[in-house]
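Please read the structure below before turning to the comments.
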Amino acid sequence: MVDFRPIWMISGVFLIIIGIGMLFPMFMDLAVSNPDWEVFALISGIVLFSGGSLYLGNRADYDEFSVQQAFLLTFVSWLLMPAFGALPFVFSELSLSYTDAYFEAMSGISTTGSTVITGLDGAPPGILLWRSMLQWFGGVGIIVMAVAILPILQIGGMQLFKIESFDVSDKLLPRATQLASALSLLYIALTIICAVTFWLVGMTPFEAVNHSFTTIATGGFSTSDGSIGHFDSALIDYTVAFFMIVGSLPFLLYLRLLRGQSGGIYHDSQVRWFIALVVLLIAMMVFWVWANNVYNFQDALRYTTFNVISILTGTGYATTDYTRWGAMPVMVFFFIMFIGGCAGSTSCGIKIFRFQVLVSMSAAHFKKLLRPNGIFIPRYNGGAIDESVTGSVMSYLFLFVVCFVLLALCLALTGLDFVTAVSGAGTAMANVGPALGPIIGPSGTFQELPDVSKWLLTFGMLLGRLELFAVLVLFSPKFWAR
């Protein structure tokens, strides 16, 4: 029988954090005399009461935390946070339906960046800040989950990144708390640096704070319908692109860098592959756009650099409608949305390391075909790859494709056209944000979609963010029979 007490206790802590977070947009609306401050105040009290009740009602010293409980905690917490985080969208002057509100909140917490809201330029500042804070909370949650939880659960090959002090599942709770504290402080510091930099390059303080939240979290929510294109500044474009890269690199490497291990980032093969891929894609896209006279070279470099990094990292900002560049760029953007950044970052997608494992396995198999008597071992970052890792990666990739196809088919059954259904499924599972086509492309929103489609996409965001297995394993009878 599963002991749900520690699950409810930790979920209560998360709700308390969400409730405290609502006080900031409350004060923002109060400062500009927007009546939504009352909404945030009331809902904050409800969330704090709910979270406090869960915490106090289940509080105890839990030295052991089973793998089964870790799976449940991951799933339950990522359902509860958007459930309560959606309430301000319902009762504010936006008056969204709960379907739209939950979609927006899940898009925020999962750092997807898809939106159903239009008229952001005239929206209340409290709502804009709350959207950004949802992504910021989601970003730090993703880092902690990727570093402290997923390696223990051996999800999708994440055991490659198991930390020595997390070798076993007993006493997981106190160790995870220590690591979460260190990562959270680093996350806050990077956000402050990002906000100050944005302010210095031309954003207002309010815009700088909001975009720092969503850039470090690689989320993509903006304070304007025009996204980053609203500023029409090359300096801002390049600055935001830099911090999107910062959010897409492993945060543990930043901690090691602070401890004096300066070679950690350069010697990590995942980082080298990611940077090399960014450079290659930008060079290819710049040549295409420039050669086809879409932009002059200077503008081609600016727009392709920004949008390639935005889609590859899963941030989802936009400065221009790249679907007008031609068929080849659209195809490239569709495929790179699945790649994502590095494991242990706020970025999303399949992750670079899984492609590295796949390439290493393929190379070893090819050598084996040429030399049948030889022994060739797949390697990652200089070390041999364990069979459990290769099996996990292959299982993850297979399930990702299956879930993507099923989600696209279900979306098509709701009446969506081929491009909208396929790109919508892709952007949801890869947690990117904008998709393709006139409806949900970089210049559109998800507002016009049927409610059924929105719930399907919401489930797709959850699947992609929790690396598939943390959700799908709950549907297995054997999981509950343990």
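Worth pointing out:
- Estimated distance in nm for a label pair at Thr118 and Val32, the labels positioned 7 Å out from Cα along Cα-to-Cβ: 2.1
- Solvent exposure ordering (accessible area, 1.4 Å, most first) of Tyr317, Tyr266: Tyr266, Tyr317
- Taking the convex hull of Cα positions in segment 406-482, its mean projected area over all directions (nm²): 5.2
- For segment 1-135, a/c is not less than 1.5, where a ≥ b ≥ c are the root eigenvalues of the C-alpha gyration tensor, and a/b tops b/c. That puts it in the prolate class.
- When only Cα pairs below 8 angstrom with a gap of at least 6 residues are kept, the chain shows a relative contact order of 17 percent.
- Loop exposure criterion: GluC sites (Glu not before Pro), DSSP state outside H, G, I, E and B, at most 16 other Cβ atoms within 10 Å. Applied to the chain, the longest stretch between such sites is 94-447.
- Calculated on alpha-carbon atoms, Rg and Dmax of segment 305-348 in Å: 10.6, 34
- Straight-line cross-link partners of Lys351 among the aspartates and glutamates, defined as a Cα under 17 Å from its Cα and at least 8 positions apart when in the same chain: Asp268, Glu467.
- Column: log10 I(q)/I(0), Debye, Cα scatterers of the chain, q = 0.09, 0.10 Å⁻¹: -0.58, -0.73
- Rg ratio (alpha-carbon, reference 2.2 N^0.38 Å) - segment 345-420: 1.50
- For Gln298 and Ile20, the difference between the fully extended length at 0.36 nm per residue and the C-alpha to C-alpha distance is 95.6 nm.
- Solvent-free Debye scattering, log10 I(q)/I(0), computed from the Cα coordinates of segment 291-404 at q = 0.15, 0.21 Å⁻¹: -0.80, -1.11
The values are calculated or read from the model by the stated rules, or taken from the named source; none is laboratory data. Only a predicted model underlies this, so the values are computations on that prediction, with no experimental measurement involved. With ideal geometry, Cβ positions are generated from the backbone for all residues, glycine too; neighbour counts draw on all protein chains shown. The accessibility values were calculated without ligands, DNA or RNA, using every heavy atom of the protein model including side chains. Shrake-Rupley method; radii C 1.70, N 1.55, O 1.52, S 1.80 Å.
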